[in-house]
Every structure is written in structure tokens, then in C-alpha cells.
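Have a look at the structure below, then the notes.
No lab work stands behind these numbers, since they all come straight from the coordinates. Just so we're clear, the structure is a prediction, and the values are computed from it rather than from any experiment. Every residue, glycine as well, gets a Cβ built from its backbone with ideal geometry; the counts of neighbours run over all protein chains shown.
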Amino acid sequence: MELKLDLILKRIETMDSKLEEINTTISNFESKFNLLEGRVEKLENDQSTTRTAVQELQDGLQEFNMQVNEVTAAREKASEFCENRYKELENKLLYAEVYQRRENLRFYGISEGEEGGDCRMVLNSFLEQQCGVQTEGIEFQRVHRIGKPHDDGSPRAIIARFLRYSDREAVFSKAKSLKDSGYRIAADLPKEIVNRRKLQSKKLVDARKAGKIAFFSRAEPDKLYIDGHLNQL
């Protein structure tokens, strides 16, 4: 009987020992679990912080893009303003140059011959013989050929600056009578104005063929008017 009791006691002790080991193991697991739980919580916090940081970066980027768009729009507006202002000033300079040349005319097709540099005499002869203009009383400030002699021998144009604008207009009125004669009289215009007029020459011709009133402005000779309306380039 005592032997059985001893055996039972030993088994109880063994079970107690195993139970204690189990409790220790459980305790270790709890510690590890708590540690893991802490790490998970920290990871979740880190993820939340990261999401917050990412959101802040996205918000900052969006704000930056808005600022870039505003700056770009302002720059485009400033560029457009500057371009328009430049064109406006360029036109003012061109029209001022047109005004400065208002007493000038250019004559094309007049043979150079043996004029000996006396362009006034040659021009007076041309005006009387080809245009029927009495040159007595017409005075010039300056008359000269334009540029260097041509290699092909074709005559250089003559540019004349009249002393009186009324004389210039009287001579210019004869330009139409020279059609198909090989001679031509033209206003002395800046090259840029001439180029602009060339771009509209077809519209001018077509409008006149259609019976419309078409002409270039005197003060702003690059502006074409058709039946009283400004034609846009």
C-alpha cells in the first residue's frame, strides 16, 4: 500500500514538473507573442506614418503642379503680351519709316546709258517723254541709282526724293499709264511692308476682278481694304 502511494506521489511530482514546464513554455510563448504583437503594432504605426507621409507628398506634389501651371500660364500670358507689344512697336517703327519716305518714289526700267551719274537729268527726261509730265518747277532733294550695277546689264532702279509732296503725287498718278511699257513707278516702302503686300497681292487682284473696291492704306500700306473692310492676313 505504501509502495503504491509512493508511486502515485512520484507521478504527481512528475506531473507537477511537466506542468511547470508547460507553464514556463506558455509563459515564454506569451512573452514572444507580446513581443510579436508589439512589433506588429509598431509596423502598423510605421505603415500609418508612411501612408501619412505619402499622402503629404502627394498633396505637396499636387500643390506644386498647381503652382507650376499658374507660373506656366502667367509666362504664356506675359510672352503673348510681349509678342503683341513687339509687333505693335515694330508696326509703329515701320509706319514711321513709311512716313519718312512719303516724298520718295522708285522708278524701274530706265536705262542707265551714258548718263554719267546725272540721274536728275535722266529722270526729268523720262518724266517728260514717258509720263507727259512737265518737269519745270519740280525740285528734288536727291536722285540716285540703288545698289551696285547688275551683272546682266539690266538697269538699276532710281530713287527720287521730291522737295514737295504735291509734285510726288502728281508724278505717282502717272504710274498706271506705264502699264505694259517696261517701266514702273512705285512708292518707296520698307522691305517688310513690301513682303506683307506681296502676301495679299492675289486677294487684291481677285477683288478688283470681281468688281470690288480694293486698295492698300496710304498711312499703313500693308493693310488691304476690300469694300471698306480690312482684310486680315
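Below, the figures for the structure above:
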read-out: Candidates Glu13, Glu90, Glu44, ranked by Gaussian network fluctuation over the chain, Cα under 10 Å, top entry; value: Glu13
read-out: Label assignment, mean projected area of the Cα convex hull in nm² derived from the structure, set [x] 14.9; [y] 13.1; [z] 30.9; value: [z]
read-out: Whole-Å distance, taken between Cα centres, linking the range 134-151 and the range 167-191; value: 13 Å
read-out: Size of electric dipole in the chain: Cβ of Lys, Arg +1 and of Asp, Glu -1, about Cα centre, debye, nearest 20; value: 2300 debye
read-out: Summed side-chain charge close to Arg161 - residues other than Arg161 whose Cβ falls under 15 Å, Lys, Arg +1, Asp, Glu -1; value: +2
read-out: Residue-count net charge about Asn104 - beta-carbon cut-off 13 Å; Lys, Arg +1, Asp, Glu -1; value: +2
read-out: Which of Phe162, Phe81, Phe126 has the fewest Cβ neighbours within 10 Å, and the rest in rising order; value: Phe81, Phe126, Phe162
read-out: Label zone at Arg102 (point 7 Å along Cα-to-Cβ), backbone N below 19 Å, the range 149-163; value: 160-163
read-out: Of Leu93, Leu57, Leu123, the one that fluctuates the most in a GNM where the chain has Cα springs shorter than 10 Å; value: Leu57
read-out: Dipole in debye (nearest 20) - the range 102-188, about Cα centre, beta carbon charges: Lys, Arg +1; Asp, Glu -1; value: 400 debye
read-out: Neighbour-count ranking [beta-carbon atoms within 10 angstrom, fewest first] of Val205, Val133, Val194, Val122; value: Val205, Val194, Val133, Val122
read-out: Residues Met121, Met15 arranged by fewest to most Cβ contacts within 10 Å; value: Met15, Met121
